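J.: This is the structure I have questions about; it appears just below.
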Amino acid sequence: MRVVVLGAAAGGGVPQWNCGCEVCRAARGEHPELRSTQTSVAISTDGDHWFLVNASPDLRQQLIATVQLHPRPGRLRHSPIAGVILTNGEVDAVTGLLSMREGSPFTIYAHAKVLEILKANSIFDVLNEKNVKRQVIELDRAFEPALPDGSASGLEILPFGVPGKIAWYLRDKTPPGDREGDGDTIGLRVRDKATGKYFYFIAACGEVTDELKTRIAGAPLVFFDGTVWRDDELIAAGLGTKTGQSMGHVAMSGNKGAIESLAGLDIDRKIFLHINNSNPALLAGSTERTMAERAGWQIAADGMEIVL
Ligand SMILES: [Zn+2]
């Protein structure tokens, strides 16, 4: 199984269009290597057919940069992308779908709540349902996405609920009695059925619960929410008024932060993904970067490819 990180940044990317923070300024200037697009990964078991996890607003740029996702030579109309699995209905996760119009067939896999968001926004009708099928996925029910000809992909994907938050533009619309945020923040376990190798994709997580620890213990690879280094990072930097927690993101550092919470879980490879431009761990050589790396973590970068 191959996994390509199409984008490693949180919402806004690096640099963010309206941000003058240290990282964004460096990314525009002397450190272009800091530039990073918004979070998405591509997965394949055969190298020919690929599934995306989320379709970020930067998808078009990501597809241009990723040879594996180019149309095959000699084909006038073709894409190796067989499907897109959506883990939430936020702008960051769905707007790239709009760059996938033009008639190539693929399937969107998403929780019913996310499919409702697409249906309620008529702009997504550019994806004609004759070509672009929409399939409901359920929490705690593994599914095997299909190739465009209907054959098996060899991938088994298990969606599960992660403590998080509801999409901000729906926050006031939660029906009474609805379990808080159920289905709004989804983690995935992605398994190659032939080899049994698997990894976890958890790009948003508000809290590392004991249940989550038990689930991911012993995994060969975990991509984990690396939005902020410390909970009050945006406030301390004068960039905003929200804490990481209030945005549904546990901090990398600190008591009950991701580094501490995932220590000792016997995970072979831990990679922070969905990293906000305010996060000092993005800066090579920073104290924070060194601390994360000493704790056994990698910081994802666009284009990173992992073979499992
Ligand atoms: Zn910034």
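J.: Being within 16 Å of the ligand (Cβ to nearest atom), surrounded by fewer than 23 Cβ atoms within 10 Å (Cβ to Cβ) and more than 19 Å from Ile186 (Cα to Cα), is that true of even one residue in segment 100-114? Step through it out loud before you land on a result.
T.: Taking segment 100-114 and keeping what is within 16 Å of the ligand (Cβ to nearest atom), we get none.
No, that holds for no residue.
J.: From Val190, Val228, Val222, which residue is hydrophobic (A, V, I, L, M, F, W, C), within 16 Å of the ligand (Cβ to nearest atom) and modelled with pLDDT of 95 or more?
T.: On the way: Val190 fails: within 16 Å of the ligand (Cβ to nearest atom); Val222 fails: within 16 Å of the ligand (Cβ to nearest atom).
One residue alone meets the criteria, Val228.
Residues checked against (1) within 16 Å of the ligand (Cβ to nearest atom); (2) at pLDDT 95 or above; (3) among the acidic types (Asp, Glu):
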{"position": "Leu34", "(1), (2), (3)": "yes, yes, no"}
{"position": "Ser44", "(1), (2), (3)": "no, yes, no"}
{"position": "Leu59", "(1), (2), (3)": "no, yes, no"}
{"position": "Val67", "(1), (2), (3)": "no, yes, no"}
{"position": "Ile85", "(1), (2), (3)": "no, yes, no"}
{"position": "Asn88", "(1), (2), (3)": "no, no, no"}
{"position": "Val94", "(1), (2), (3)": "no, yes, no"}
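J.: Could you grab the pairs with beta carbons closer than 8 Å, sequence gap of 6+ or different chains, first residue in segment 264-278 and closer than 8 Å to Phe224 by Cα, second one polar (S, T, N, Q) and not in a loop (DSSP other than H, G, I, E, B)?
T.: The qualifying pairs are Lys270/Gln298; Ile271/Gln298; Phe272/Gln298.
J.: Here's another thing I want to ask about it. Anything in segment 252-297 that is in a helix (DSSP H, G or I), closer than 19 Å to Cys205 by Cα and of a type in the set (S, T, N, Q)? List them, or say none.
T.: Ser261 - this is the single residue of segment 252-297 that is in a helix (DSSP H, G or I), closer than 19 Å to Cys205 by Cα and of a type in the set (S, T, N, Q).
J.: Same structure again: Can you tell me how many residues in segment 127-137 are surrounded by fewer than 19 Cβ atoms within 10 Å (Cβ to Cβ) and at pLDDT 95 or above? Please lay out each step first, then the result.
T.: So the first thing to find is which residues in segment 127-137 are surrounded by fewer than 19 Cβ atoms within 10 Å (Cβ to Cβ), and the list is 128-131, 133-136.
From the residues that got through so far, the ones that are at pLDDT 95 or above too are 133-136.
Of the residues in segment 127-137, 4 are surrounded by fewer than 19 Cβ atoms within 10 Å (Cβ to Cβ) and at pLDDT 95 or above.
J.: Okay, moving on. What's the number of the only condition in (1) away from the ligand (no atom under 16 Å from the Cβ); (2) at pLDDT below 95 that Gln298 fails to meet?
T.: Of the numbered conditions (1) away from the ligand (no atom under 16 Å from the Cβ); (2) at pLDDT below 95, the odd one out for Gln298 is (2).
Yes/no matrix, rows are residues, columns are (1) in a helix (DSSP H, G or I); (2) in contact (Cβ under 8 Å) with a residue 60 or more places away in the chain; (3) on the phi > 0 side of the Ramachandran plot:
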| position | (1), (2), (3) |
| --- | --- |
| Lys113 | yes, yes, no |
| Glu116 | yes, no, no |
| Asp125 | yes, no, no |
| Asn128 | no, no, no |
| Lys133 | no, no, no |
| Leu139 | no, no, no |
| Pro148 | no, yes, no |
| Glu156 | no, no, no |
| Phe160 | no, no, no |
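J.: Which number in (1) within 21 Å of Leu273 (Cα to Cα); (2) of a type outside the set (Phe, Trp, Tyr); (3) out of contact with any helix residue (DSSP H, G or I) (no Cβ under 7 Å at 6 or more places or on another chain); (4) touching a residue at least 24 places away in the same chain (Cβ under 8 Å) marks the one condition that Asn88 misses?
T.: (3)
J.: How about segment 265-288: which of its residues are away from the ligand (no atom under 16 Å from the Cβ) and modelled with pLDDT of 95 or more?
T.: Keep residues of segment 265-288 that are away from the ligand (no atom under 16 Å from the Cβ), which gives 265-273, 284-285, 287.
Scanning segment 265-288 gives Leu265, Asp266, Ile267, Asp268, Arg269, Lys270, Ile271, Phe272, Leu273, Thr287.
J.: Being touching a residue at least 40 places away in the same chain (Cβ under 8 Å) and surrounded by fewer than 19 Cβ atoms within 10 Å (Cβ to Cβ) is the filter; apply it to segment 1-18 and report the residue that is farthest from the ligand (Cβ to nearest atom). Steps first, answer last, please.
T.: As a first pass, look at segment 1-18 and keep what is touching a residue at least 40 places away in the same chain (Cβ under 8 Å): 1-16.
Adding the requirement that they be surrounded by fewer than 19 Cβ atoms within 10 Å (Cβ to Cβ) leaves 2, 11-12.
On the way: Arg2: 31, Gly11: 11, Gly12: 8 Å.
This residue is Arg2.
The values are calculated or read from the model by the stated rules, or taken from the named source; none is laboratory data. Please read all numbers here as calculations on a predicted model, not as lab measurements. A quick note on method: Cβ atoms are made from the backbone with ideal geometry, for glycine too, and the neighbour counts reach across all protein chains shown.
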